[in-house]
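The values are calculated or read from the model by the stated rules, or taken from the named source; none is laboratory data. As the structure is a computational prediction, the values presented were derived from the model and not from experiment. Note: ideal-geometry Cβ built from the backbone for every residue, glycine included; neighbour counts use all protein chains shown. Heavy atoms of the whole protein, side chains included, go into the accessibility calculation; ligands, DNA and RNA do not. Shrake-Rupley method; radii C 1.70, N 1.55, O 1.52, S 1.80 Å.
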Amino acid sequence: QVRLVESGGGLVQSGGSLTLSCAASGSTFEFAVMGWYRQPPGKERELVASVVSGGPVYSDSVKGRFTISRDYAKNTVDLQMSSLKPEDTAIYYCNVQWIGTPHDYWGQGTQVTVSS
């Protein structure tokens, strides 16, 4: 059974930094896509960044401010967030999926709140 455990959320002032971490277990993840999504208050869940075979992919809203990194040996994916803005406030979710299959898993979510 796939399990994703997130950590690192919290409250930070505008312009500050946070790092989110996600540890995956319960399967082999070599060919899985791992990434981070977020759901701002009152809005739909959206992609933040993911690691695919060709390299990292970022949403336009976080390019240049966030960095995603994946450790294939430890089955972890981290999201380093800098220059945070109030509009980055959201619940952040770790995601693992195998493209072309129904296997798509989510973490429990971690709250990130950026105060102005």
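At a glance:
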quantity	calculated
By average C-beta atoms within 10 angstrom, highest first, the peptides 20-29, 65-74	20-29, 65-74
Dipole axis of the chain (+1 Lys, Arg; -1 Asp, Glu on Cβ), positive-most option in V51, A73, S17	S17
Nearest-20 debye value, region 43-116 charge dipole, Cβ charges on Lys, Arg, Asp, Glu	120 debye
Accessible area of the chain divided out per residue, in Å², using a probe of 1.4 angstrom	54 Å²
Loop-exposed GluC sites (Glu not before Pro) per DSSP, neighbour cap 12 Cβ within 10 angstrom, longest uninterrupted part of the chain	45-116
Derived scalar couplings ³J(HN,Hα) [region 91-98; Karplus, 6.51 cos²θ - 1.76 cosθ + 1.60; whole Hz; x for Gly, Pro]	8, 9, 10, 7, 9, 10, 8, 10
For Y37, solvent-accessible area (1.4 Å; no DNA, RNA or ligand), Å²	50 Å²
Inter-label distance, nm, simple model (7 Å from Cα along the C-beta direction), Q1/E30	2.6 nm
Within straight-line cross-link reach of K63, aspartates and glutamates at Cα separation under 18 Å, skipping those fewer than 8 residues along the same chain	E46, D78, E87, D88
Carbon and sulfur %, accessible surface of the chain computed with the full protein complex present, 1.4 Å	50 percent
Whole-Hz couplings from phi, Karplus 6.51/-1.76/1.60, listed for region 99-116; x for Gly and Pro	4, x, 10, x, 7, 9, 10, 10, x, 7, x, 9, 7, 10, 10, 10, 8, 8
Partner aspartates and glutamates for K85 [C-alpha distance under 16 Å; skip if fewer than 8 residues away on the same chain]	D60
